[in-house]
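Chemist: The structure's right below; bear with me while I get my questions together.
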């Protein structure tokens, strides 16, 4: 039932166009650094929700905890 | 959207949010946090000498369910200031380090901003999250 950091990275990058993610974790608790133009101009709350929405109800369940550091980048 | 008029738990949460200018939904209590993320968020608020109300979500799963439905935020802790969701542990910590939290709480000048990025003075950090780069 555990989740790999690579799976999370892939799903974030697939779910948020133009984003790049670096994910570390132990199968239950994860830390993700995510950057991309999709975050530009959004509040912190909205930036985090964008990533949370990729995982929906899996957060707090299959993915016990996901700590995020988000950096908006220039659109190009 | 569920019918709030027939949902006492939702109403109780809404009332708590509107009546407490600084309100933290957390796992455990400020004295005995039950999760590293909640502990860290409490430590940030306490380091600013910020009085706050706290709700322990652990005793009843319905609290968390209704809270997340209301806020659209899936994880705990959740900090509300003046009725607005500020964020969870990551956002609160980032805003503390940048000084935005002090600004939001009207604490400018009363606490070091650039220094002391780690609020849990005297204790090891419950989790090491930042600065992976």
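The values are calculated or read from the model by the stated rules, or taken from the named source; none is laboratory data. Treat the numbers as computed from the prediction; the structure is a model and nothing was measured. Cβ sites come from the backbone with ideal geometry, for glycine too, and all protein chains shown count toward neighbours.
Chemist: Looking at the stretch A:54-66, which of the residues that are within 9 Å of chain B (Cβ to nearest Cβ) and more than 15 Å from residue A:4 (Cα to Cα) is surrounded by the most Cβ atoms within 10 Å (Cβ to Cβ)?
Modeler: Per the stated criteria, the residue is A:60.
Chemist: Mind checking which residues of the stretch A:39-74 are assigned to a helix (DSSP H, G or I) and under 12 Å from the mean Cα position of the chain (by Cα)?
Modeler: Of the residues in the stretch A:39-74, the ones assigned to a helix (DSSP H, G or I) are A:39, A:44-58.
Once the filter is applied, which keeps residues that are assigned to a helix (DSSP H, G or I) and under 12 Å from the mean Cα position of the chain (by Cα), the stretch A:39-74 yields A:39, A:47, A:48, A:49, A:50, A:51, A:52, A:53, A:54, A:55, A:56.
Every residue, every condition in (1) in contact with a helix residue (DSSP H, G or I) (Cβ under 7 Å, 6 or more places away or on another chain); (2) under 30 Å from residue B:8 (Cα atoms); (3) surrounded by 15 or more Cβ atoms within 10 Å (Cβ to Cβ); (4) at pLDDT below 95, yes or no:
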residue: B:51; (1), (2), (3), (4): no, yes, no, no
residue: B:56; (1), (2), (3), (4): no, yes, yes, no
residue: B:67; (1), (2), (3), (4): yes, yes, yes, no
residue: B:73; (1), (2), (3), (4): no, yes, yes, yes
residue: B:79; (1), (2), (3), (4): yes, yes, yes, no
residue: B:85; (1), (2), (3), (4): yes, yes, yes, no
residue: B:102; (1), (2), (3), (4): no, no, yes, no
residue: B:109; (1), (2), (3), (4): no, no, no, yes
residue: B:115; (1), (2), (3), (4): no, no, no, yes
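Chemist: Next question. For the stretch B:28-89, please list each of the strands (runs of 3 or more DSSP E) lying entirely inside it that holds at least 1 residues being out of contact with any strand residue (DSSP E or B) (no Cβ under 6 Å at 6 or more places or on another chain) and within 14 Å of chain A (Cβ to nearest Cβ). Before the answer, list the steps.
Modeler: Values: elements: B:53-56, B:78-81, B:84-87.
Strands (runs of 3 or more DSSP E) meeting the threshold: B:84-87.
Chemist: Scanning for something more than 22 Å from residue B:92 (Cβ to Cβ), outside any strand (DSSP E or B) and either at the interface with chain B (Cβ under 9 Å from one of its Cβ atoms) or at pLDDT 95 or above (or both), does the stretch A:23-36 turn up at least one residue?
Modeler: no
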